[in-house]
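Following: one structure in structure tokens, then a few remarks.
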Amino acid sequence: MPAMAEVSSDIAVRLRSLEFAWPGRTEFSLSVPDFSIPRGEKLFLLGASGSGKSTLLSLICGITVPNKGTVEVDGTALSNLSGPERDRFRADHIGVIFQMFNLLPYATPLENILLPLSFAGERRRRLEDPKAEALRLTGALGLETELISSARAAELSIGQQQRVAAARALIGAPALIVADEPTSALDAGSQSAFLDLLMDQAEAAGATLLMVSHDERLAARFDRVEDLSRIAVAERRLRA
């Protein structure tokens with residue numbers, strides 16, 4: 001069973017005394033003294049390319065573990081879990097919208113949306129009818145029922161793929177939604193429409209939303225905006 005950390009029920013994510021380094025000829029390190037996200041908050045994390053945004057998300061999602069310090073998500077200290085336990089925890093509690101969407105190209109949108117439920121027992125148990133919930137989400141996100149049931153993901157436009165990726169992250173109401181540059185391939189009008197839909201659905205699910213981007217024009221609609229350089233120290237140095 002996951003080890004429960006002594007954290008406030010009002011905190012969705014907490015990083016304490018965190019230190020992490022990617023080894024290699026060019027060594028990248030990231031340190032975060034203390035950072036938290038209140039439950040239900042919509043947080044925009046701004047950072048330039050190479051500033052450590054993706055590394056930070058990997059740590060929050062339990063894909064990687066820190067060399068020192070703790071990462072706590074939804075009351076659980078991820079460093080206390082084994083690799084398989086972190087994978088199960090992430091599947092149940094975290095919905096991720098990847099920058100490149102990571103859809104299975106020859107599966108239908110519906111199959112892509114339902115896929116996480118195969119690995120996330122808790123999310124699956126929240127749903128009386130997973131297919132009906134997938135159709136509700138895609139309808140709310142502006143996708144036609146016929147399209148998601150019969151087309152292949154590879155046949156969809158970028159905007160349609162983005163909505164499918166959002167529905168996949170939202171289905172089963174995970175506690176935390178993490179979005180990594182999800183609007184980078186869209187024009188300004190499409191970005192605005194997508195963010196409106198994403199926030200409405202996150203609000204309806206009672207989820208905490210963390211979005212990282214280099215595009216500060218998107219920041220105004222979030223509850224809080226943080227510059228990564230204010231909460232973390234990133235260093236890159238060439239090894240001999």
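Couple of notes before you dig in:
- Pairs, first closer than 23 Å to GLY206 by Cβ and touching a residue at least 12 places away in the same chain (Cβ under 8 Å) in segment 77-95, second surrounded by 18 or more Cβ atoms within 10 Å (Cβ to Cβ) and among the charged types (D, E, K, R), C-beta under 6 Å, six or more apart: LEU78/ARG86; ASP92/ARG123; HIS93/ASP74
- Answer residue from segment 43-55, given it is more than 11 Å from the chain's Cα centre (by Cα) and part of a helix (DSSP H, G or I) and is surrounded by the most Cβ atoms within 10 Å (Cβ to Cβ) among those: LYS53
- Looking only at segment 122-143, residues that are farther than 13 Å from ALA166 by Cα, exposed (fewer than 13 other Cβ atoms within 10 Å of the Cβ) and of a type outside the set (A, V, I, L, M, F, W, C) come to 4 in all.
- Residue match in segment 202-210 (condition: closer than 28 Å to GLY50 by Cα, β-branched (Val, Ile, Thr) and touching a Lys or Arg at 6+ places or on another chain (Cβ under 8 Å)): yes
- Hits in segment 41-64 - residues which are among the aliphatic types (A, V, I, L, M) and touching a residue at least 40 places away in the same chain (Cβ under 8 Å): LEU43, LEU45, LEU46, ALA48, LEU56, LEU57, LEU59, ILE60
- Of everything listed in (1) over 21 Å from LEU209 (Cα atoms); (2) surrounded by fewer than 18 Cβ atoms within 10 Å (Cβ to Cβ); (3) not polar (S, T, N, Q), the single unmet condition for ALA185 is (1).
- Residues located in segment 167-207, provided they are β-branched (Val, Ile, Thr) and over 10 Å from the mean Cα position of the chain (by Cα): ILE171, THR183
- Yes/no for THR64 being modelled with pLDDT of 90 or more and of a type in the set (S, T, N, Q): yes
- Among (1) assigned to a loop (DSSP other than H, G, I, E, B); (2) touching a Leu at 6+ places or on another chain (Cβ under 8 Å); (3) acidic (Asp, Glu), the one test that GLU128 misses: (2)
Per-residue answers, yes or no, for (1) farther than 19 Å from ASP227 by Cβ; (2) buried (at least 21 other Cβ atoms within 10 Å of the Cβ):
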site: SER31; (1), (2): no, no
site: ILE37; (1), (2): no, yes
site: PRO66; (1), (2): yes, no
site: GLY75; (1), (2): yes, no
site: LEU81; (1), (2): yes, no
site: GLU85; (1), (2): yes, no
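The values are calculated or read from the model by the stated rules, or taken from the named source; none is laboratory data. Worth saying up front: this structure is predicted, and the values here are computed from it rather than measured. Cβ atoms come from the backbone with ideal geometry, glycine included; neighbour counts cover every protein chain shown.
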